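Just so it is clear, none of the values below were taken in a lab; they were calculated from the coordinates. All of these numbers come straight from a predicted model, not from anything done at the bench. Here the Cβ positions follow ideal geometry from the backbone for every residue, glycine too, while neighbour counts run over all protein chains shown.
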Amino acid sequence: MAAPAASRPAHRDEHRLLRIALIAVAGAFLVLFLFFPLVAVFVKAFEKGAAAYVAAIVDPIARSAIELTLLVAFVVVPVNVVFGIAAAWAIAKFDFPGRGLLITVIDAPFAVSPVVSGMVFVLVFGAHGLIGPWLIAHDIKVVFAVPGIILATLFVTSPFVARELIPLMETQGNEEEEAALTLGSSGWKTFFLISLPKMRWGLLYGVVLCNARAMGEFGAVSVVSGHIQGLTNTIPLHVEILYNEYQFSAAFAVASLLSLLALVTLFLKAAITRRSRPRGGGW
Amino acid sequence: MTSADRRVLPGFRPAITLTVAYVSLLICIPLATLVLKSASLGPAAFWSAVTSPRALSAYRLSIVTALAGASINAVFGSIVAWVLVRYEFPGKRIVDALVDLPFALPTAVAGIALTSLYSENGWIGSLFAAHGVKIAYTPLGIVVALTFIGLPFVVRTVQPVLEDLEPEIEDAAAVLGAARMATLARVVLPGVVPALATGFALAFARGLGEYGSVVFIAGNMPMVSEITPLLIMIKLEQYDYAGATAIALVFLIVSFTMLLAVNALARKSAARLRMR
């Protein structure tokens, strides 16, 4: 950590004017690119008054979008938590051939454009896809339906928990677990009573990030959704439709829900970081 | 610890089985399908899809705007990181937390918010419009969106390096007679460069693939303001799966090259940090 400004020796201080200039430049940049967009969402959302705001949110189509988004997050986050813990357990606690490759594969969804992330599922499950004809024969809908949205969201959010837990488990080591096992504790008991509490902050951090992305994902979901109002529209897709129909206030009203989610995410993230300072890869 | 006594812990087999099965089904098979589909196109069809004038102009636009956004972030992100690490000011914790907003805010929300700000009658866009500069619905708008999206990458990679920088080195430079600016340029900056490069590469890679925040602000005119992910999307909507697949494969290869480059850079800068 840097020493507090007051106790810093004079020669390590920039000229006062330079310091003020740097703070001003940084401030202006952040106001222009971060603060204004955030404020704009809420200002535009309430442009037509509180009644219009509430109407946009309790609208049945908006409500079904909210329900679908909650459902997707409700499925996706637990699945990726289990995957993240299993992946981190294998990678951080054991050495095996192909470990580096596995880490790269786990990271891969971060490097893939959201649009491509969605389209690969169309290529597998779509009508002309790998197993599309079989799915049609058995009357199973994946793409342009809820399962496709869940798959695409699973894909884009799969690295979050694993990426947070791998460095954490590596730095924490195994002494406590080994002690418990030596004293006769079973494997699962050791996991639930020792390992899980040890990783709880990192896990929570990963869950918060995973959830934010699961609820907010746009590009990948947009490809596989089919945009059927009331059926396969998540909140971000509903925002897009409202916006493209020039219902700007309604679009921003629904968008303000996602902005609130983002603010809660940032708050939790900062709170968890203060508690434990995980030094993972971040996002 | 050697791998032998690591095996004291149980659970390797179920953990690795679950992990490999999951990434195979969810990540490897879908991505492999993309490669397979492109291969089935045949070289001539593949080449003509990948090198059509519209595709070439989309690549160029994606690369130029992503480079511009990452460059803006390299400059201003470094300044933000410096100010956050070295100076005290009221509200610092809130500002620090707010830097992650582009990670937390869904891209569609960012897209419509930036569009409303930078369009001709928006708060910021109107100031520029008065001087005849259009931002929204031009490539400049894309740069604005990609600057927003890439902002946290540079700040969050440079910030920890600045925190770990040993002040003694700066003291030594000062004692040896270096002016403060010279110390910053010749002592602090070189220490930060690897992290800065990593942050730049991450912001660039993210900008290349970004879709949600860009489509609202870009104007989306073919050959002018149509980014590559949007072109893929349009081809999908027209059921031109062959064309979409070919372009997506090119894009996937670029993305993975970037990922490997970033990992190499990160390893290099980590090694440098350990050396000190």
Likely footprinting exposure, B:K134, B:K235, B:K92, fewest C-beta neighbours within 10 Å first: B:K92, B:K134, B:K235
Which listed pairs, of A:K44/B:K134; A:K44/A:K141; A:K189/B:K268; B:K235/B:K268, have C-alpha distances above 29 Å, in listed order: A:K44/A:K141; A:K189/B:K268; B:K235/B:K268
Ranked by how many other beta carbons lie within 10 Å on average, peptides A:48-56, B:106-114, A:246-254, B:244-252 from highest: B:106-114, B:244-252, A:246-254, A:48-56
Restricting region A:185-283 to trypsin sites (Lys or Arg not before Pro) in coil, as DSSP defines it, with at most 15 other Cβ within 10 Å: A:R279
Average beta-carbon neighbours from other chains, 10 Å sphere, peptide B:21-28: 6
Most fluctuating residue given options B:L36, B:L101, B:L146, as computed from a GNM of chain B linking Cα atoms under 10 Å: B:L36
For region A:48-276: rounded, prolate or oblate by the Cα gyration tensor [a/c cutoff 1.5]: oblate
Proxy reagent accessibility, fewest Cβ within 10 Å first, across A:T104, A:T157: A:T104, A:T157
Cβ-based exposure ranking for B:M181, A:M119, in which fewest neighbours within 10 Å come first: B:M181, A:M119
Estimated FRET transfer efficiency (B:R60, A:K189; beta-carbon r; R0 56 Å; 0.05): 0.45
Dipole of the protein assembly as shown, positive direction: furthest Cα of A:I149, A:N244, A:V115, with charges on the beta-carbon: A:V115
Prolate/oblate/rounded label for chain B (Cα gyration tensor, a/c 1.5): oblate
Over the protein assembly as shown: helical MRE at 222 nm, DSSP H runs n ≥ 4 each giving -39500 (n - 2.57), nearest 500: -23500 deg cm²/dmol
Total formal charge among the other residues, if their Cβ is under 12 angstrom from that of A:L196, Lys/Arg +1 and Asp/Glu -1: +1
Total formal charge among the other residues, if their Cβ is under 14 angstrom from that of B:Y137, Lys/Arg +1 and Asp/Glu -1: -1
Counted charge near A:S185, where neighbours are those whose Cβ lies closer than 15 Å (Asp, Glu -1; Lys, Arg +1): -2
Only Lys, Arg (+1) and Asp, Glu (-1) charged, at Cβ; region B:68-275 dipole about Cα centre in debye: 280
